[in-house]
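Okay, so here's the structure we're looking at.
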Amino acid sequence: MKARYFKRQLQFKRPSGTSRGMLTSKDSWFIILEHERNSGIGECSLLRGLSIDAVPNFEQEIAKLCLSINDRTTLPDLTSWPSLKMGYEMALLDLSNERPYQLFPSEFSDGKAAIPINGLVWMGSVEYMKSQIKLLLESGFNCIKLKIGALDFKEELQLLKQVRKDFNAQEITLRVDANGAFSPKNALEKLKQLSDYDLHSIEQPVGVNQWDLMRELCEQSPVPIALDEELIGCFSKEKQQELLETIKPDYLILKPSLLGGFSVAYQWITLAKQKGIGWWVTSALESNIGLNAIAQWTYKIKASGDQGLGTGSLFRNNINGPLKINAGCLWTDNLIPWEKFY
């Protein structure tokens with residue numbers, strides 16, 4: 001088996017806002033494995049300020065992995081390089097299957113079944129966010145997730161109030177994601193105000209590594225709390241168990257690229273099931289290569305409810321492939337070929 005790699009900077013069609021700032025581009029590295037006439041590709045998706053391995057020497061690590069594969073020497077320990085571990089795992093799975101890009105064969109990959117997904121509303125001006133909500137509703141989404149925490153909080157509440165004025169909780173499921181924007185002093189009060197709008201859940205209301213505070217919020221919040229960034233860098237089963245037993249969240253948000261691959265993400269799922277904690281899967285702004293793999297895995301593990309897999313249309317220079325969104329669901333249309341890009 002031989003290995004090589006390359007980098008692609010994905011450009012957003014429009015700057016996308018979170019409480020951590022505006023995103024205009026993001027880097028993805030791709031690892032190619034080749035054996036005889038077969039090949040497999042995996043994506044290492046890096047998010048600056050979020051991925052723990054989004055560091056200047058990332059290329060040295062992916063080069064080291066490829067060199068070890070080519071020289072048939074002991075592979076480096078990838079535990080602390082979660083996106084690289086994910087990309088390598090993805091490439092191995094792609095290489096081992098008969099059809100290219102079909103890592104987890106199923107009715108979804110055959111184009112016979114779809115995955116319900118939430119529509120994502122990025123931060124921006126109030127008018128811009130309103131226009132996004134309107135477009136998503138017109139496109140057939142019945143679950144919408146709003147990024148909050150950067151605008152004036154009263155304006156964000158007004159947005160939610162407007163949606164609830166037109167659609168009740170049985171008609172539209174509302175999720176919000178604060179990306180850790182609330183302060184310890186005002187978090188509970190904001191959660192109480194948000195509860196007026198029949199929210200499904202809120203992701204990461206406060207910043208990471210405040211386990212005692214997060215536990216108190218989970219105990220007292222009238223809005224169910226989902227952990228997202230809190231899971232990043234927590235690799236061992238013992239540490240994962242300690243986190244869940246301490247905080248006792250309502251939900252987990254699973255981003256395999258940030259957690260260390262499918263195997264680590266499934267380890268979280270196993271623990272969550274044991275403790276009665278809900279979960280769903282979300283992309284980490286991968287290109288269609290990574291999104292395709294994550295979507296196939298998500299369907300294969302029988303994830304229920306609306307997943308966070310609607311990010312494929314964000315980029316101007318995405319890798320074209322058969323994924324498409326229709327009426328709030330992600331589909332595979334195998335009549336659309338994959339772009340030849342490597």
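Remarks
- A straight chain from Arg4 to Ile336 at 0.36 nm per residue would run longer than the Cα-Cα distance by 116.9 nm.
- DSSP-assigned coil residues among GluC sites (Glu not before Pro) in segment 1-75, each with at most 13 further Cβ atoms within 10 Å: Glu36
- For segment 131-206, DSSP calls about 10 percent of its internal beta bridges antiparallel.
- Here segment 281-319 is scanned for amide nitrogen atoms under 16 Å from the site 7 Å beyond the Cα of Gln11 along Cα-to-Cβ, giving 314-319.
- Among beta bridges from DSSP that stay inside segment 117-249, the antiparallel ones total about 5%.
- Close Lys pairs in segment 102-167, defined as Cα atoms under 30 Å apart and 8 or more places apart or on different chains, number 18.
- The GNM of the chain, with springs linking C-alpha atoms under 10 angstrom apart, assigns the highest mean-square fluctuation among Ser195, Ser28, Ser257 to Ser195.
- Fraction of antiparallel bridges per DSSP, the chain only, in percent to nearest 5: 60
- Linear extension gain, Ser183 paired with Ser139, 0.36 nm per residue minus alpha-carbon span: 12.3 nm
- As a rough footprinting exposure proxy, the listed residues Tyr88, Tyr128 were ranked by other beta carbons within 10 Å of their own, and the order from fewest upward is Tyr128, Tyr88.
- About the centre of its Cα atoms, the chain shows a dipole size close to 500 debye [charges on the beta carbon of Lys, Arg (+1) and Asp, Glu (-1) only; nearest 20 debye].
- Note on the chain: GNM, Cα springs under 10 Å; of Gln11, Gln60, Gln102, the largest mean-square fluctuation is that of Gln60.
- Reciprocal mean inverse distance between Cα atoms of the chain - Kirkwood radius, Å: 20.6
- Each of Trp81, Trp211 has some number of other Cβ atoms within 10 Å of its Cβ, and from fewest to most they run Trp211, Trp81.
- Of the residues Met129, Met1, the one with the fewest other Cβ atoms within 10 Å heads the list, and the complete ranking is Met1, Met129.
- Segment 171-231 and segment 90-137 have their alpha-carbon centroids 25 Å apart.
- FRET efficiency, Met22 to Val126 (Cβ-Cβ, R0 22 Å, nearest 0.05): 0.85
- Highest-fluctuation residue, Glu245, Glu89, Glu229 considered, GNM on the chain with Cα pairs under 10 Å: Glu245
- The amide H of Phe108, built 1.01 Å from its N in the peptide plane, has Ala113 as neighbours under 5 Å, considering only residues 5 or more places off or on other chains.
- Where trypsin sites (Lys or Arg not before Pro) in DSSP loops with at most 14 other Cβ within 10 Å are excluded, longest remaining stretch of the chain: 186-274
- Per-residue Karplus couplings for segment 317-330, computed as 6.51 cos²θ - 1.76 cosθ + 1.60 with θ equal to phi - 60°, are listed in order as 10, 5, 8, 5, x, x, 6, 8, 10, 9, 6, x, 9, 9 Hz, Gly and Pro entered as x.
- Over segment 215-342: Rg over Rh, Cα atoms, Kirkwood Rh: 1.02
- Here is how the number arises for the chain: DSSP H runs of 4 or more residues each give -39500 (n - 2.57), the sum is divided by the residue count, and the result at 222 nm is -10500 deg cm²/dmol.
A short reminder: the numbers here are calculations on the coordinates, not readings from a lab. In this text, all values refer to a predicted model and were calculated from it rather than measured experimentally. Using ideal geometry, Cβ is built from the backbone for each residue, glycine included, and neighbour counts are taken over all protein chains shown.
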